[in-house]
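As structure tokens, the structure follows; a few thoughts come after it.
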Amino acid sequence: MPVLNVHGATVSYGGRAVVRGVDLAVAPGEAVALMGANGSGKSTLIKAVAGLVPLAGGTIELFGTAQKRFRDWKRVGYVPQRTGAASGVPSTAAEVVSQGRLAHRLLGMPSRRADRDAVARSLDEVGLADHAHCSVDTLSGGQQQRVLIARALATDPELLIMDEPTVGVDAETQAALAAVVADRIDAGCAVLLVTHELGPLTDRLDRAVVLADGRVVHDGEPPRPVGEHADPGHQHSHPHSNGQTAEDFWGGK
Ligand SMILES: Nc1ncnc2c1ncn2[C@@H]1O[C@H](COP(=O)(O)OP(=O)(O)OP(=O)(O)O)[C@@H](O)[C@H]1O
Ligand SMILES: [Mg+2]
């Protein structure tokens, strides 16, 4: 049973459909890249999955449960596209990460001690243990992004959805975060990663789904490393792309 099953999903803003009839399934433990040009609907699609924007049509199931009835949000980690964790009331890195533990706390299951430990562990994973008590608006952009990743990790999710999580993060930290996510994949966590770049996680991806203009135009093999594309013998047709051009494949204009 897929951890995520999106069927015929349509999302509209002000009457304009920006996600149009998307089918997308993610199996347990599978790592899937969601790609496509700016404005192709990637963030909107995953906001719909996270329950942050309503569907105009279609269905979303999480862990076999219709999203409407789904209450087990701690099983889902969500890293939004960079919006500034600091917006609104200033809070410390530890406070932002502890928001991820809210679902656990509301259920009253783990003790506060367990929450504090999970928060400390997640901050440590992203290399911010020393910044736990810093106000997030005093952190750099890349550090704020790492706080959002720590927040998503804090509930030990079984599905980790990340929207361009390493934009603005330096190469060394990107590699460190990729290792953190790879560990979660090894532990059986499924990943849906919105990305433009073939970063350090590329070789861990099982599949890539490419959106263009709100529709899926590719669902299959992840893109090959640049070196292979540059190979003079490389054919610019892909086994799953129905003979589309590279531009079609990438959703470019
Ligand atoms: N809150 C909103 N209200 C109205 N239109 C929106 C809103 N959010 C996004 N859109 C529009 O929906 C379309 C898809 O946007 P979306 O953010 O999903 O694209 P994206 O694929 O994530 O792009 P990027 O790579 O730039 O992050 C765009 O045309 C955008 O202008
Ligand atoms: Mg986006």
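No lab work stands behind these numbers, since they all come straight from the coordinates. As the structure is a computational prediction, the values presented were derived from the model and not from experiment. Note that we place each Cβ from the backbone using ideal geometry, even for glycine, and neighbour counts take in every protein chain shown.
Worth a mention:
- Environment charge of residue 206, counting only residues whose C-beta is closer than 10 Å and scoring Lys/Arg +1, Asp/Glu -1: 0
- Whole-Hz ³J(HN,Hα) from phi, Karplus 6.51 cos²θ - 1.76 cosθ + 1.60, for the range 214-222, glycine and proline x: x, 10, 6, 10, 7, 8, x, 3, x
- Distant-in-sequence amide H partners of residue 25 (H built 1.01 Å from N, under 5 Å): 6
- Peptides 11-17, 184-190 ranked from most to least packed by the mean count of surrounding Cβ atoms within 10 Å: 184-190, 11-17.
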